[in-house]
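Everything on this sheet refers to the single structure shown next.
No lab work stands behind these numbers, since they all come straight from the coordinates. All of these numbers come straight from a predicted model, not from anything done at the bench. Note that each Cβ is placed from the backbone with ideal geometry, even for glycine, and that neighbours are counted across all protein chains shown.
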Amino acid sequence: MSDPDDPHANISQEKISVDQKDPFSVTPWEVEGQVDYDKLIDKFGTSEITSSILDSFKTITGEIHPLLSLEYFYSHRDLDWILEKYRHGERFYLYTGRGPSGMIHMGHIMPWLFSKYLQEKFNSKLIFQLTDDEKFLFNQNLSKEKINYFTRENILDIIATGFDPKKTKILVDSKHIQHLYSIAIEIARHITFSTAKAVFGFSNSSNIGMIGFPPIQASPCFLPSIIEKAPTPVLIPAAIDQDPYWRVTRDVATKMGYYKPAQIHSKFVPGLGVSGKMSSSRPETALFTTDTPELIDKKVLSAFTGGQATVQLQRKLGGNPDVCPVFWYLRYFFDTGEESEERFLKCKIGNLLCGECKADLSNHSKTFITDFQKRREKAKDSVDEFIYTGDSF
Ligand code: TRP
């Protein structure tokens with residue numbers, strides 16, 4: 001995802017599908033400003049997740065996952081279609097990925113945890129792509145050595161998330177390109193430079209590897225059809241900034257005789273700073289899976305909140321949970337729906353102090369991350385089991 005040192009920042013002159021006057025912009029490489037998620041649905045031309053889709057989830061799985069009811073996953077393409085297919089007995093694959101440009105923080109694992117949940121509920125096979133090539137091409141400051149290091153480390157986090165080893169395969173682009181290449185050139189043949197410029201904002205100063213990259217991220221959308229030797233539906237859980245990739249992929253899918261890949265789009269996890277998403281480039285605003293308990297305490301303690309300047313004012317005026325990253329973080333990760341509502345109301349009327357919420361967040365995060373670190377350590381023994389080796393699972 002985005003990186004401040006990204007040379008691609010120069011595309012901001014011609015922001016993809018986002019008007020100049022908008023106070024925010026979202027591209028696969030850069031998220032800037034306060035994101036208006038409803039507006040993004042209009043700009044990208046995706047659809048909101050309606051109550052009838054939530055009903056379908058309920059019918060199929062017997063429940064609605066909190067990340068759906070809390071609208072963290074809030075937008076989609078063809079989600080209704082893929083659920084309908086499933087109801088008629090047609091299974092789908094899941095496909096998601098990671099650009100290994102740094103270590104993993106809680107914001108990254110949130111969509112992974114949801115993917116794991118979907119894998120369990122729908123008994124889906126999952127392809128997990130690591131785009132080490134993308135990070136190399138899009139970031140002049142990252143060496144191959146560093147990217148290789150992050151790739152190895154990120155794989156441990158993916159495994160520690162708890163995916164089913166029998167139904168999950170990890171692909172590292174530079175290592176497993178032979179499984180993607182023939183699909184990629186076919187996709188590439190259908191995408192003109194003019195389309196690539198319009199969708200991704202490439203310009204004359206983009207290096208030519210960047211321009212040729214999108215088909216590589218598109219290819220795993222069609223890999224399941226090759227593995228299964230029949231058109232196979234694919235659902236991609238991913239943050240909404242990746243949508244431009246799927247837009248072009250969907251355009252070429254029919255021409256190539258495949259189903260269009262369906263998507264379920266998430267928002268970004270708020271960082272612990274004043275505004276914006278959790279970001280590796282501001283490590284003090286993100287909780288990493290490798291952080292020590294002391295560091296977690298320190299980061300949470302210095303987090304921005306929606307509280308008043310003093311305890312007296314907080315008691316008198318109440319806080320503003322809507323803009324409070326501590327509140328949202330607790331809501332998405334740790335509170336039950338009921339607990340979160342109660343926290344919201346108590347904060348609003350001045351009955352809850354920021355210190356209390358911060359203590360809750362610290363404690364929950366420390367427990368979660370300590371536990372995660374144990375699984376991460378164990379993951380070192382099962383890397384081979386997860387690596388993609390050919391056109392079968
Ligand atoms: N481009 C993504 C990133 O930089 C990585 C990625 C590859 C991905 N394939 C994906 C993300 C599929 C979500 C779904 O993080």
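Assuming charge only on the beta carbon of Lys and Arg (+1) and of Asp and Glu (-1), the dipole of the range 31-90 about its Cα centre is about 140 debye to the nearest 20. When only alpha carbons are used to place a centre, the range 291-334 and the range 182-227 end up 42 Å from one another.
Once the chain from residue 87 to residue 123 is taken as fully extended at 0.36 nm per residue, the excess over their C-alpha distance is 11.7 nm. Only aspartates and glutamates eight or more places from residue 267 in sequence, or on another chain, were considered; those with a Cα closer than 16 Å are 30, 32, 36, 38, 42, 48, 71, 241, 243, 322. Overall shape of the chain was characterised from the C-alpha gyration tensor. The equivalent ellipsoid obtained from it has semi-axes of 34, 24, 22 Å, in decreasing order. Ordering 327, 368, 92 by the number of other Cβ atoms within 10 Å of each residue's own Cβ, fewest first, gives 368, 92, 327. Summarising the label geometry, the points placed 7 Å from Cα in the beta-carbon direction at residue 189 and residue 336 lie 5.7 nm from one another. Look at the dipole of the chain built from charges on Cβ: of 324, 200, 83, the Cα furthest out on the positive end belongs to 83. Among 249, 389, 285, 161, the ranking by other beta carbons within 10 Å of each residue's beta carbon, starting with the fewest, stands as 389, 161, 285, 249. The length gained on full extension between residue 175 and residue 363, counted as 0.36 nm times the residue separation minus their Cα-Cα distance, comes to 63.7 nm. Does the range 13-123 come out rounded, prolate or oblate by the C-alpha gyration tensor, with a ≥ b ≥ c the root eigenvalues, rounded set by a/c under 1.5 and, if not, prolate when a/b is larger than b/c and oblate if not? Note, shape of the range 13-123 comes out prolate. Annotated for the range 283-378: lysine pairs at least 8 residues apart or interchain, Cα distance under 25 Å, count 19. Put in line by how crowded their Cβ is, counting other Cβ atoms within 10 Å and starting with the fewest, 133, 241, 55 read 55, 133, 241.
If r is the Cβ-Cβ distance from residue 374 to residue 144 and R0 is 30 Å, what FRET efficiency results, to the nearest 0.05? Once the sixth-power term is evaluated, E becomes 0.45.
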